[in-house]
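Colleague: Just dropping this structure here.
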């Protein structure tokens, strides 16, 4: 099987999926550069394994999982680096600035799991079962997390507008 046959359909799938995966991962982690690196790595791995990824129940869920795992790996690496820098009495790396838009600021303030579920659902356009697969949880956990996230967002946004919305 030649390269063209093994990778048939990848380009079209990548063109459809890459923008929403990048947007979702960016929102979930709050760091555009980290999200770009993780998304690029996830799609590179998908290309390497395209024949099996293409046959997966949800190739999009597969690539989201790989991207989020890349982010977790990078976060662990940064945590080790920060500990080292503290021991060396150097400045701690500052987090990326918060988004300017009020809604995205409210989303960024959510706990990590809620933020990730919101990103995968509303930006990544994944269904509940796909989100559950990406996060390794049962669909009911996704539903309750999304419900709680919506409630927190509604409260935050209502408070910031003096109860008008």
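Colleague: What is the angle, in °, between the Cα long axis of helix 59-87 and the longest principal axis of the Cα atoms in the chain? Nearest 10 is fine, range 0 to 90.
Modeller: In the chain, helix 59-87 runs at an angle near 50 degrees to the longest axis.
Colleague: Let me ask something else about it. Going by C-beta contacts inside 10 Å, put 64, 84 in order with the fewest on the left.
Modeller: The fewest-first ordering by Cβ neighbours comes to 84, 64.
Colleague: With labels modelled as points extended 7 Å from the Cα through the Cβ direction, what inter-label distance (nm, one decimal) is found for residue 86 paired with residue 104?
Modeller: Those two pseudo-labels are separated by 3.0 nm.
Colleague: Order these peptides, 115-121, 73-79, by their mean beta-carbon neighbour count within 10 angstrom, highest first.
Modeller: 115-121, 73-79
Colleague: May I ask you to derive the relative contact order of the range 3-160, considering only C-alpha pairs under 8 Å and at least 6 residues apart, and to give it as an integer percent?
Modeller: Averaging sequence separation for qualifying contacts and normalising by length gives 27 percent for the range 3-160.
Every number here is computed from the coordinates shown, using simple stated rules; none is lab data. Quantities reported herein were computed from a predicted structural model and do not represent experimental measurements. Note that each Cβ is placed from the backbone with ideal geometry, even for glycine, and that neighbours are counted across all protein chains shown.
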